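**Student:** Before we start, here is the structure in question, set down as structure tokens.
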Amino acid sequence: MPTTARTIRVFISSTFSDLKAERNALQERVFPRLKRNCQRHGWSFQAIDLRWGISHEAALDQSTMRICRAEIARCQAVTPRPNFVVLLGDRHGWRPLPYEIPAAEFEALRPHLPAALANRWYQLDENAVCPLPDGTGLDKGRYILQSRAGEFADYDRWFAEVEGPLGDAFRRAARELGLPEAARLKYEASATAQEIHDGAFAVPDAREHVVAFIREIRTADGRPLREALPSDAAVKDFVDLKQGELDCESQTQ
């Protein structure tokens, strides 16, 4: 029997700040017991939680989502079931800039983007040639997001000056151009939502290999948490904020 057939490899997907306690509990209490139980039956157990697994260098190189999606695919290839665990709360979470964009799509979006940001941070890679979505020919390449190492290594500055405004522009442009839902995903969806797409929605028989835990927190008077004051220190880590206010667009994704 191949070695991979004796491995249970599970990807853990969730936003971070609002589900920190749950992820810590899994690491400290649940996964060790699962590992011991699997070992007794001749299996190995691996929980892939990339909250601790993405290096600073990989983040600067804009590789976070490529690594996450590759790890999801590896879990699916190694373990028929279960291979994907979802923890969901009230946050949509971090929405990264897409690492790569088909050239024809980027050129269509470009007039709607801030030129200085688009031209600096996306460079054409003509070696990445692939068929056009409509099958009418070949795309001339991909525009690739450049490394933010150096002056933009500080994430707060990167978000304020590049990721935030450029991401907003991409989302507006994608909607204005009427891009299909599948194409808009990389602009509109959070990292967690993209993981869930790959781990659950884009594969058959998700009920057979996906486990989802959904948590809804309500205020003392029964309102959804997003209706509480975001300035409340007890709330800010559990909802999406933008400049200190509730990010209504992100919350509705």
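**Student:** Within the stretch 148-166, how many residues turn out to be open to solvent by less than 20 Å² (accessible area, probe 1.4 Å) and either of a type in the set (Gly, Ala, Ser) or in a helix (DSSP H, G or I) (or both)?
**Tutor:** Result for the stretch 148-166: 5.
**Student:** Out of curiosity, is ALA169 among the small types (Gly, Ala, Ser), open to solvent by 90 Å² or more (accessible area, probe 1.4 Å) and over 20 Å from ARG23 (Cβ atoms)?
**Tutor:** Spelling it out, it is not the case that ALA169 is among the small types (Gly, Ala, Ser), open to solvent by 90 Å² or more (accessible area, probe 1.4 Å) and over 20 Å from ARG23 (Cβ atoms).
**Student:** Now for a separate question. Confirm whether PHE45 is among the aromatic types (Phe, Trp, Tyr) and in a strand (DSSP E or B).
**Tutor:** Spelling it out, PHE45 is indeed among the aromatic types (Phe, Trp, Tyr) and in a strand (DSSP E or B).
**Student:** Can I ask one more? Please enumerate the residues belonging to the stretch 180-205 that are assigned to a helix (DSSP H, G or I) and either touching a Phe, Trp or Tyr at 6+ places or on another chain (Cβ under 8 Å) or polar (S, T, N, Q) (or both).
**Tutor:** Passing the criteria: TYR187, ALA191, THR192, GLN194, GLU195, GLY199, ALA200.
**Student:** Going by the structure shown, is ARG142 modelled with pLDDT under 95 and under 30 Å from VAL210 (Cα atoms)?
**Tutor:** No: the conditions fail for ARG142.
**Student:** Determine if the stretch 167-181 includes at least one residue that is touching a residue at least 40 places away in the same chain (Cβ under 8 Å) and under 12 Å from TRP94 (Cα atoms).
**Tutor:** Yes: the stretch 167-181 contains one or more residues that are touching a residue at least 40 places away in the same chain (Cβ under 8 Å) and under 12 Å from TRP94 (Cα atoms).
**Student:** Among the residues of the stretch 206-221, write down those that are over 19 Å from the mean Cα position of the chain (by Cα), exposed (fewer than 12 other Cβ atoms within 10 Å of the Cβ) and not in a loop (DSSP other than H, G, I, E, B).
**Tutor:** Result: ARG207, GLU208.
**Student:** Go through the stretch 60-98 and give me each residue that's among the polar types (S, T, N, Q) and in a helix (DSSP H, G or I).
**Tutor:** Residues satisfying the conditions are THR64, GLN76.
**Student:** Across the stretch 8-30, what is the number of residues that are of a type outside the set (A, V, I, L, M), open to solvent by 20 Å² or more (accessible area, probe 1.4 Å) and either more than 18 Å from PHE238 (Cβ to Cβ) or assigned to a strand (DSSP E or B) (or both)?
**Tutor:** Total meeting the criteria: 3.
**Student:** Here is a follow-up. Could you identify the single residue in VAL86, VAL129 that is at pLDDT below 95 and either within 24 Å of HIS197 (Cα to Cα) or β-branched (Val, Ile, Thr) (or both)?
**Tutor:** Within the list VAL86, VAL129, the selection yields VAL129.
**Student:** Mind telling me which of the residues GLU57, GLU105 ends up being over 30 Å from VAL235 (Cβ atoms), open to solvent by 60 Å² or more (accessible area, probe 1.4 Å), outside any loop (DSSP other than H, G, I, E, B) and not aliphatic (A, V, I, L, M)?
**Tutor:** Going through GLU57, GLU105 in turn, the sole match is GLU57.
**Student:** I'm trying to understand the selection: among the residues of the stretch 60-100, which are of a type in the set (Lys, Arg) and farther than 18 Å from TYR143 by Cα?
**Tutor:** ARG69, ARG74, ARG81, ARG91, ARG95, listed by residue number.
**Student:** Now for a separate question. Residue check, CYS38 against (1) over 17 Å from PHE213 (Cβ atoms); (2) within 21 Å of the chain's Cα centre (by Cα); (3) in contact (Cβ under 8 Å) with a residue 12 or more places away in the chain; (4) open to solvent by less than 30 Å² (accessible area, probe 1.4 Å), all met but one. Which one?
**Tutor:** Every condition holds for CYS38 apart from (2).
**Student:** Can you tell me which of (1) open to solvent by less than 40 Å² (accessible area, probe 1.4 Å); (2) of a type in the set (Asp, Glu); (3) in contact with a Ser or Thr (Cβ under 7 Å, 6 or more places away or on another chain) is the one ASP90 doesn't meet?
**Tutor:** Condition not satisfied by ASP90: (3).
**Student:** Given the criteria assigned to a loop (DSSP other than H, G, I, E, B), loosely packed, with under 14 Cβ neighbours inside 10 Å and polar (S, T, N, Q), does ASN127 qualify?
**Tutor:** yes
The values are calculated or read from the model by the stated rules, or taken from the named source; none is laboratory data. For clarity, every value in this text was computed on a predicted model and none was experimentally measured. Heads up, the Cβs are rebuilt from the backbone with ideal geometry, glycines too, and the neighbour counts pull from every protein chain shown. Surface accessibility is based on the protein's heavy atoms, side chains included, excluding ligands, DNA and RNA. Shrake-Rupley method; radii C 1.70, N 1.55, O 1.52, S 1.80 Å.
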